[in-house]
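Step one of this worksheet: look at the structure below.
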Amino acid sequence: MTVPSRSDPAPLFVASARGACPQCGSPSLFDGVVRFAPACRLCGLDYDQFNVGDGPAAFLTLIIGALMVALALALEFGVHPPVWVHILLWPILTTVAVVYSLRVAKGALLILEYRNRAREGRLADKGNMQP
Ligand SMILES: [Zn+2]
């Protein structure tokens, strides 16, 4: 099977927002809303070899949480809407913001691991070590 290659990869956040495979650029990175597919459907790149961990979720929780609290306070003190507006607005807006930004952040980390050839550390073979 011929593996398509990209000589000019898309900018990082454009590629991650599209869910583009880091090897061929096809939009096959995700199998669900935020779950990675096991492999690229076009070129077969194994996505299971990459591990982005939970780093994006922790950062996004803090950043989006702070942003939503600031927006809720601004709305309350600026417009003073009825409380049902807050009850309807903020859970939906927070959920959409977290899911979309988590998708972009996870995709960006996987693409960076691929582009930088980042792998887990390995011990050198003892036969090749210098005394
Ligand atoms: Zn691919």
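222 nm [θ] for the chain, helices only, -39500 (n - 2.57) per DSSP H run of 4+, per residue, to 500?
Working: 3 runs with 64 residues, N = 131.
Mean residue ellipticity, 222 nm, calculated: -17000 deg cm²/dmol.
Rounded to two decimals, what is the ratio between the C-alpha radius of gyration of the chain and 2.2 N^0.38 Å?
1.44
Determine ³J(HN,Hα), in whole Hz, for all residues of segment 26-35 in sequence, where each value follows from phi through the Karplus function 6.51 cos²θ - 1.76 cosθ + 1.60 and θ = phi - 60°; x replaces Gly and Pro.
6, x, 10, 6, 10, 9, x, 5, 10, 9
7 Å from Cα along Cα→Cβ at both TRP84 and ASN51: what's the point-to-point distance in nm?
Here the answer is 5.0 nm between the modelled labels.
Over segment 12-119, what relative contact order in percent results from Cα pairs under 8 Å that are six or more residues apart?
37
Once phi is turned into θ = phi - 60°, what whole-Hz ³J(HN,Hα) does the Karplus curve with 6.51, -1.76 and 1.60 give for every residue of segment 9-19, x standing for Gly and Pro?
x, 5, x, 3, 6, 5, 5, 6, 5, 7, x
Say R0 is 41 Å: what FRET efficiency, to the nearest 0.05, do ARG122 and LEU67 get from their beta-carbon distance?
Efficiency, rounded to the nearest 0.05: 0.55.
Note the angle between two axes, namely the Cα long axis of helix 83-115 and the longest principal axis of the Cα atoms of the chain, as a number of degrees from 0 to 90, rounded to the nearest 10.
Relative to the chain, helix 83-115 is tipped by roughly 10 degrees.
Under 5 Å between amide H atoms, partner at least 5 residues away or on a different chain: which partners does PHE30 have, H built in plane at 1.01 Å?
Hits under the 5 Å cutoff: ALA37.
For the chain, modelled as a GNM with alpha-carbon contacts under 10 angstrom, which of LEU45, LEU93, LEU102 fluctuates the most?
LEU93
We did not get these values from a lab; they are worked out from the coordinates using the rules stated. Note that the structure is predicted; figures quoted are calculated from it, not measured. Counting neighbours? That spans all protein chains shown, and the Cβs are built from the backbone with ideal geometry, glycine included.
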